[in-house]
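Engineer: Can you keep this structure in mind? I'll have questions shortly.
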Amino acid sequence: MRERLLAAVLLCVGAFQSMAGSAAAGVDAARIAREGPSGANWFLHGGNADGAHFSPLTAIDAGNVGELGLDWSVDLPAPDGIAATPLVVDGVIYLSGAHSMVWAIDAASGRQLWSFDPGKNVTPANNWTSRVNRGVALWADLVLVTVSDCRLIALDRATGKQRWSAQTCDPQSGYSITDAPYVGGGKVFVGNAGSESGMRNRGHVSAWDAATGRFLWRFYTVPSHIASENTSAAMQMAAKSWSGNALETHGGGGSNWNGMTYDPDTDRLYFGTAGAVPYLYSQRSPAGGDNLFTSSVMALDAATGEYVWHYQTVPQDSWEYNATMNIVLAELPLGGKPTKALMIAPKNGFFYVLDRATGKLISAEHYVKVNWATHIDLQTGRPVLDPEAMYWNYPSGSRVEVWPNEWGAHGPHPMAWSPRTGLAYIPAADVPSIVTWNGPEDIGDTIEAPETVDGKPHAPGKLVAWDPLTQRPRWVVEQTVAYNGGVLATAGNVVFQGGGDGTFSAYKADDGTRLWQVATGSAISAAPVSYTIGGEQRVLVPVGSGGAMQFSYPSLHTGSATSGRARLMSFSLSGRQPMPADVVVETPLPALPAQTDSPQLIAKGAALFEAAHCSGCHGKGAVARRGGTVPDLRHISTETYQQWDGIVVGGARAARGMPAAEGLTLEQSAAIRAWVLSLALELRRQHRKE
Ligand code: HEC
């Protein structure tokens, strides 16, 4: 009885709180503009409307950040880590993980308020994309999330119950979504991923009415192969920049799979686009043309979806240099007068400052080693290509180093911008692709971090503090892991970043001195955020390797020692909780069948593992991140070896995200099995030696 009474009282209090909450709660342009400067909330992916990942809070500063302590830490049921930037409004954290699970968590205590599961979302093309989700958006009283099978779902912010759902693309045609939705002016903006699916893929960005889920407009990022469908002036301009039949056979690509910034002052939407498919320009557009609007920065009128301007970062790209990185809007003193600028650090290693009214290039310099272009010509706005990285001009059999690599000098991990220091903070990877060129039909590509470059020790990862006025680095922190987490800059002269090595660090924003560091137990991908609880500044970091890198190249993002749990950690100056005691669980190695396969078969298996795309999920060299949902094949049991063909060729585990290998013969399957077994046996021998 007493329990029931208490429950009733709590219910009332709960109802009162959520009523009070919803009265103040609606998130819209006016509220973001009014409250943004206080820094109490983290409204949008990039914090405020400028997309700067900058907190105006100053309570935690370069003088006291060393005293930060843990408020709480909660583990999340997200074995594939967290790539999402959390949003925090009215003391509640909203974030998403693999398979578009969404959680609402009390920011004061870490207690879960609700969770949402969109249900089954595995489709032919999205086996890896379903494991990556880069976050939610908030508008009015809604939480918006995308699902890899192209659904856009609106949830009630108070309860997590679904309010509406819209289908934004066709997953059966190879489309998928990994990015967060973006909001502005009552609309939700959604891009898509999937140009590597091998199906026809024509990138587009669409707008939906946030309140009702009604479709509003769609902007295609590349033209149609059917001339009569290219009705707008923008599509007619784009159509002239293609030759050959790639649009018809492949769709053209150019997806926006990450990063948009909405400018409420001009009602414009800014975003970048990916490269085109097929990747090799001469295959794609044999009679010339720049292939608009691939690898470009786009400005659209958000009311109508109409083209305003574009700036193409890499015309005629053959390196997969996507420009889909986060976009920061800033006012810069250029030529003595304040100029509304747009800043982006795409995959290609250059940092661009554009005039955001016109899209005109103001300046561009490289922030890591590059050898695909000598410089960007400021008169024409075009890169001046360097023959060194033109792998297609080398003799067959060549190994060509291409700087930066195809995953990019800067990936989806957000960079930050501090208007206080006038510096952008880029989480950069300074690593080449090694392209093996055997003609257009046989292009191999792997990523290796060299220990030395030009005879000097070389750091694969870098936190680069970049001055956009001089286009030079102010300071650089060298890192042992290539791909690290997103960045948060604060007005307290502090920059926060999590590392692939599992550390969470604070640096002095103006000179890069490391001020504070803790070990979190797992690699970090996501960007930290800051806000206040009861007036006190907090810093929140999602821990746990997220994103696609962990599947293909775990060693470049996280080693086995840092493949711990996914969790959220909240820090403040009054935090006094002990850090969680981390256990890296080493499962004992299972028994193995004997190996009777020939060395020739084993060698064949190694090559097939790449050719059949197994490494895209199970890792290069079959070394996978431990603890995720894609198994490390060196640790599978005798029983699994017995079921091998059923799983690999027959598709027995397709529903669990292990696709049947299309076109693989039983002989080829046996070769891969032989190679995997040889690796497992080698691992046993090493363990015995230890
Ligand atoms: C799209 C991602 C993806 C690709 C590509 C992929 N796998 Fe898998 N694989 C998975 C996932 C996820 C699982 C775990 C499924 C489960 O939970 O049962 C798995 C499981 C397996 C298993 C069973 C492991 C166990 O312990 O039960 C084998 C064997 C395997 N994969 C081999 C391969 C081979 C060989 C290839 C290439 C021909 C390949 N996989 C390609 C994602 C992938």
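The values are calculated or read from the model by the stated rules, or taken from the named source; none is laboratory data. Bear in mind the structure is a predicted one, so any value in this text is a computation, not a measurement. All Cβ positions, even for glycine, are placed from backbone atoms using ideal geometry, and neighbour counts span all protein chains on display. Accessible surface is based on the protein model in full, side chains and every heavy atom, while ligands, DNA and RNA are left aside. Shrake-Rupley method; radii C 1.70, N 1.55, O 1.52, S 1.80 Å.
Engineer: Keeping to the stretch 312-329, report how many residues are open to solvent by 10 Å² or more (accessible area, probe 1.4 Å) and in a strand (DSSP E or B).
Structural biologist: Final tally of qualifying residues: 2.
Engineer: Hey, another quick one. Of everything in the stretch 390-418, what is crowded, with 22+ Cβ neighbours inside 10 Å and small (Gly, Ala, Ser)? Give them in sequence order.
Structural biologist: GLY408, ALA409, GLY411, ALA416, SER418
Engineer: For the stretch 657-677, what are the residues that are outside any loop (DSSP other than H, G, I, E, B) and touching a residue at least 60 places away in the same chain (Cβ under 8 Å)? Outline the logic, then answer.
Structural biologist: First, pick out the residues of the stretch 657-677 that are outside any loop (DSSP other than H, G, I, E, B): 666-677.
Within the stretch 657-677, GLN668, ALA670, ALA671, ILE672, ARG673, ALA674, TRP675, VAL676, LEU677 qualify.
Engineer: Additional query: I need the full set of residues from the stretch 616-649 which are within 8 Å of the ligand (Cβ to nearest atom) and within 18 Å of TYR553 (Cα to Cα), in order please.
Structural biologist: Those that are within 8 Å of the ligand (Cβ to nearest atom) and within 18 Å of TYR553 (Cα to Cα): GLY616, CYS617, HIS618, THR629, VAL630, PRO631, LEU633, HIS635.
Engineer: Here is a follow-up. State the number of residues belonging to the stretch 621-635 that are closer than 30 Å to ASP442 by Cβ and surrounded by fewer than 19 Cβ atoms within 10 Å (Cβ to Cβ).
Structural biologist: Matching residues across the stretch 621-635 total 2.
Engineer: Looking at the stretch 189-226, which of its residues are on the phi < 0 side of the Ramachandran plot, open to solvent by 20 Å² or more (accessible area, probe 1.4 Å) and either at pLDDT 95 or above or not charged (D, E, K, R) (or both)?
Structural biologist: Matches in the stretch 189-226: SER197, MET199, ASP209, ALA211, THR212, ARG214, PHE215, LEU216, ARG218, TYR220, HIS225, ILE226.
For (1) open to solvent by 30 Å² or more (accessible area, probe 1.4 Å); (2) modelled with pLDDT of 95 or more; (3) assigned to a strand (DSSP E or B), each residue gets a yes or a no:
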residue	(1), (2), (3)
ARG420	yes, yes, no
TYR425	no, yes, yes
ALA428	no, yes, yes
ASP445	yes, no, yes
LEU469	yes, yes, no
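Engineer: I'm checking my understanding of the structure. Among residues of the stretch 654-681 that are exposed (fewer than 15 other Cβ atoms within 10 Å of the Cβ) and within 34 Å of the chain's Cα centre (by Cα), which one is nearest to the ligand (Cβ to nearest atom)?
Structural biologist: Checking each candidate, the answer is ARG656.
Engineer: Any chance the stretch 102-119 includes a residue that's aliphatic (A, V, I, L, M) and farther than 30 Å from SER574 by Cα?
Structural biologist: Restricting attention to the stretch 102-119, the residues satisfying the condition of being aliphatic (A, V, I, L, M) are 102, 104-105, 107-108, 113.
Narrowing the set further to residues that are farther than 30 Å from SER574 by Cα leaves none.
No, every residue in the stretch 102-119 fails to be aliphatic (A, V, I, L, M) and farther than 30 Å from SER574 by Cα.
Engineer: Here is a check on your reading of the model: is SER296 of a type in the set (S, T, N, Q), over 17 Å from GLY203 (Cα atoms) and open to solvent by less than 10 Å² (accessible area, probe 1.4 Å)?
Structural biologist: Working: of a type in the set (S, T, N, Q): yes; over 17 Å from GLY203 (Cα atoms): no; open to solvent by less than 10 Å² (accessible area, probe 1.4 Å): yes.
So SER296 fails the test.
Engineer: I would also like to ask the following. Filter the stretch 227-246 for residues that are out of contact with any Leu (no Cβ under 9 Å at 6 or more places or on another chain) and in a loop (DSSP other than H, G, I, E, B); which is most open to solvent (accessible area, probe 1.4 Å)?
Structural biologist: Taking the stretch 227-246 first, the residues out of contact with any Leu (no Cβ under 9 Å at 6 or more places or on another chain) are 227-233, 235-236, 243-246.
From what is left, the residues that are in a loop (DSSP other than H, G, I, E, B) are 230-232, 243-245.
Values: ASN230: 9, THR231: 109, SER232: 52, SER243: 19, GLY244: 61, ASN245: 94 Å².
Looking at residues that are out of contact with any Leu (no Cβ under 9 Å at 6 or more places or on another chain) and in a loop (DSSP other than H, G, I, E, B), I get THR231.
Engineer: Tally the residues that are open to solvent by 10 Å² or more (accessible area, probe 1.4 Å) and either under 27 Å from the mean Cα position of the chain (by Cα) or of a type outside the set (S, T, N, Q) (or both), restricting the search to the stretch 332-360.
Structural biologist: Of the residues in that region, 12 qualify.
Engineer: So which pairs qualify, if the first residue must be in the stretch 107-119 and charged (D, E, K, R), the second must be in a loop (DSSP other than H, G, I, E, B), the Cβ gap must be under 6 Å, and the two must be at least 6 apart or on different chains?
Structural biologist: Within 6 Å, the pairs are ASP117/MET101.
Engineer: Oh, and also: Go through the stretch 128-146 and give me each residue that's surrounded by fewer than 24 Cβ atoms within 10 Å (Cβ to Cβ) and part of a loop (DSSP other than H, G, I, E, B).
Structural biologist: TRP128, ASP141
Engineer: Let me ask you something else. Identify, by number, the condition in (1) open to solvent by less than 10 Å² (accessible area, probe 1.4 Å); (2) closer than 24 Å to VAL147 by Cα; (3) in contact with a Leu (Cβ under 7 Å, 6 or more places away or on another chain) that ASP263 doesn't meet.
Structural biologist: (2)
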